[in-house]
Amino acid sequence: MNRTDDEREREGTQAGRLWTVLSEGGTRLVALGGRARRLTRREVKDIVFKLLVALMVLIVVTPFFLLLARLLSVGLQDLVGSGPGQGWELIATLPGAALRGGVLNAIVGTTVLVLVATAVGVPLSVMGAVYINEYSRPGRVRTAIEFGADVLAGIPSIVFGAFGFTFLVAYLGLGLGALTGGLTLAFMMIPTVMRTTQEALKQVPSSLREASLALGATKWATTWRVTVRAALPGIVTGILLAVGRVMGETAPLIFTTGNNLGLPTGLVGPESWVASLPFTIWSYIMDPRPYLQVRAHSAALVLLMMVLIVDILANYASRRLTRRIV
Amino acid sequence: MYEYRIEVKDLNTWFGEKHVLKNITCYFEDNSVTAIMGPSGCGKSTLLRSINRLNDLIPGFRLTGQIFFAGSNIYDPDRNVYELRKRIGMVFQRPNPFPMSIRENLTFGPRLHGIKDEDELERIVEDSLRKAALWDEVRDQLDSPAVHLSGGQQQRLCIARALSVDPPVLLMDEPVSALDPISAGKIEDLIVQLKKEYTIILVTHNVQQAFRVSDQAAFLYMGELVEFDKTKRIAVAPEDPRTEAFITGRIG
């Protein structure tokens, strides 16, 4: 017995008894490993906390796997089956009558919306971040813009949807469609991309900027050829994460895109109405017909795969860029 | 002979309310090394960065007096600061190569100033690397990232980069203080080589180094120019007690 006084003191209390149980257990564990010696109190503490954090991680990741299991158990038949609207037809054909047809309209719609959102949102956010970080002096204005962006990033997406409807559809008269929906998603992307870009720019050491200026470069050349270039891996990661996020947004699209069983043929006006995967999933799951409920699950799997592809691209792109310049 | 001579006249600088340099008057001769030495915070770097107007970027910086470069005041309001910085190269305390390939580090400056011809750029890359005594070590890996080089190699690359735009003057802000002794020795040798072609102004708080490589030395203390003369004279017989205290290691 090599217990400390401290431990003996605890023995009478509830905690002390628990302590004894734990340390006896720990001792046995070590004995199993072939080293028959009593664990010290600190070693036991270490083991207990290790188990605790492992449990926490398990709790954190479980919902994802439950969700995946659910989607697969219902939706996988659509992805791998060979009936009408299943397998290849699911992702390569437009919806038809009853069971026929897939969700190509939604896949194309989501792609178009995300492209519009990226084309509009990324230049605005990157330029904005460059202005804040490279040109504006630290002070109230900068703090106010950063605060504004942080608040925007926290606004619920349904509010962006309502804003898209009242501002773009009603006030500007753009109507529903791909442009309106894409712009609404762009509004959602801007705060995230701007802040991640700004963080990436902040990581660039000021000695690089000075080195460029000392060679006779203008501020403009220094910013774009040195600073932004050095920050590029971080900027690209930020953009692709934001893209992955808005891809799955439903709420901003409900009031702004309309819907379409075919493909959009324009950017504005009635011919620009588009379907999107989140919207399609939402409307199918609300439908009482069982085959549509299955279709909702398989569409969700398709969306997950698209987000996964964007994530893989994000990883690959930032690794490539990092390897090339660092 | 004194075509590129730099003269500093009655220079006073402030950062906000803080009076950093006080009535500095000195000059830097062609094809020689002038060491600016002094304890930390005495204004060495501020003086150096006033010569290529890098301090202009710092909010709250103010300056009175004049600095003449090749006969004209560099603080003239209509002076082209980009042209000035092209002709006064700078090497920093920590190696700071751009996160690009070795080659791109060296073509960055020339390209900025309008050189597009690939053969010309190729020639500049080799020339600058040879002058910085780095060519033999990196000639086979010009396209690999500059940050993969060792610290000492990176610093020599930064010297090569400064030389790539062909400046007659080279400012060096404690260029070896972040390096190991062997790399530092190589760069000191390099400085001695380079003074045949360039005017070098070297900031250092290392007295021994100043004595080893410089022809003239300026001793700054609390923003004042305490002593300015041939290095040999200062090393043997410092006039001011503060200089003596510094070179014998009692302040610093």
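Placing +1 on each Lys and Arg Cβ and -1 on each Asp and Glu Cβ, with no other charges, gives the range A:117-205 a dipole about its Cα centre of roughly 180 debye.
Local charge sum around B:Gly43 (other residues, Cβ-Cβ under 13 Å, Lys/Arg +1, Asp/Glu -1)? Charge balance in the 13 Å sphere: +2.
Only Lys, Arg, Asp and Glu carry charge here, each on its Cβ (+1 for the first two, -1 for the last two); on that basis chain B has a dipole of about 560 debye about its Cα centre.
Here is the list for the range B:189-252: trypsin sites (Lys or Arg not before Pro) lying in DSSP coil, each with at most 15 other C-beta atoms within 10 angstrom of its C-beta, are B:Lys196, B:Arg250.
If you take all other residues with their beta carbon under 13 Å from the beta carbon of A:Val114, and give Lys and Arg +1 and Asp and Glu -1, the sum is 0.
Suppose accessible area is computed on protein heavy atoms with a 1.4 Å probe; arrange B:Lys131, B:Lys186 from highest to lowest.
Result of the area sort, largest leading: B:Lys186, B:Lys131.
Membrane-span-like helices of chain A, defined as complete DSSP H segments with a Cα extent of 20 Å or more along the helix axis and a mean Kyte hydropathy of at least -1.0, are identified as A:14-32, A:41-80, A:104-130, A:140-154, A:178-202, A:228-247, A:290-325.
Please list the three semi-axes, largest first and in whole Å, of the ellipsoid equivalent to chain A, using sqrt of 5 times the eigenvalues of its alpha carbon gyration tensor. If you can, show how the numbers build up before the last one.
Details: eigenvalues 428, 249, 71 Å².
After scaling each eigenvalue by five and taking roots: 46, 35, 19 Å.
Among the trypsin sites (Lys or Arg not before Pro) in the range A:168-248, none sits in a DSSP loop with a Cβ that has at most 16 other Cβ atoms within 10 Å.
Could you please tell me the mean projected area of the C-alpha convex hull for the protein assembly as shown, averaged over all directions and given in square nanometres to one decimal?
One quarter of the hull surface, i.e. the mean projection, equals 42.4 nm².
Counting only residues at least eight positions apart within a chain, or on another chain, the lysines with an alpha carbon under 29 Å from that of B:Lys86 are A:Lys202, A:Lys219, B:Lys9, B:Lys22, B:Lys44, B:Lys116, B:Lys131, B:Lys186, B:Lys195, B:Lys196, B:Lys230.
Let me know the mean shielding of B:96-103 by other chains, meaning the per-residue number of their Cβ atoms within 10 Å of its Cβ.
Mean inter-chain Cβ contacts per residue within 10 Å come to 5.
For B:Lys9, neighbours were defined as the other residues whose beta-carbon sits under 15 Å from its Cβ, and their charges (Lys and Arg +1, Asp and Glu -1) total -1. Springs between Cα atoms under 10 Å define the GNM used for chain A, and in it the highest mean-square fluctuation of A:Gly216, A:Gly87, A:Gly244 occurs at A:Gly216. Counting only other chain Cβ atoms within 10 Å of each residue's Cβ, the peptide B:44-54 averages 1.
Please give the peptides A:57-70, B:14-27 ranked by average Cβ packing (other Cβ atoms within 10 Å per residue), highest first, as a rough proxy for protection.
Details: A:57-70: 10.2, B:14-27: 15.0.
The densest-packed peptide leads the list: B:14-27, A:57-70.
Placing B:Glu197, B:Glu224 in order of accessible area, with the largest value first and a 1.4 Å probe, yields B:Glu197, B:Glu224.
Among the residues of B:107-120, the average count of other protein chain beta-carbon atoms within 10 Å of the residue beta-carbon is 2. Over the range A:48-173, calculate the relative contact order: mean separation of alpha carbon pairs under 8 Å at least 6 apart, over the residue count, as a percent. It comes to 8 percent, rounded to a whole number. Cα convex hull, chain B: 127 Å³ per residue, rounded to a whole number.
Taking amide H atoms as placed 1.01 Å from N in the peptide plane, the amide H of B:Phe61 lies under 5 Å from those of B:Gly16, each 5 or more residues away in sequence or on another chain. For the range B:23-35, 3J(HN,Hα) computed residue by residue from phi via the Karplus equation (6.51, -1.76, 1.60; θ = phi - 60°) reads 6, 7, 9, 6, 9, 10, 7, 5, 6, 8, 10, 10, 9 Hz, glycine and proline entered as x.
Taken about its Cα centre, the range A:90-325 carries a charge dipole of roughly 700 debye when the Cβ of each Lys and Arg holds +1 and the Cβ of each Asp and Glu holds -1.
Using just its DSSP H runs of length 4 or more, each adding -39500 (n - 2.57), chain B gives a mean residue ellipticity at 222 nm of -10000 deg cm²/dmol after division by all residues.
The values are calculated or read from the model by the stated rules, or taken from the named source; none is laboratory data. Quick caveat, the model's predicted, so the values are computed rather than measured. Because the Cβ atoms are built from the backbone with ideal geometry, glycine has one as well, and the counts that use them run over all protein chains shown. Accessible surface areas use protein heavy atoms only, side chains included; no ligands, DNA or RNA. Shrake-Rupley method; radii C 1.70, N 1.55, O 1.52, S 1.80 Å.
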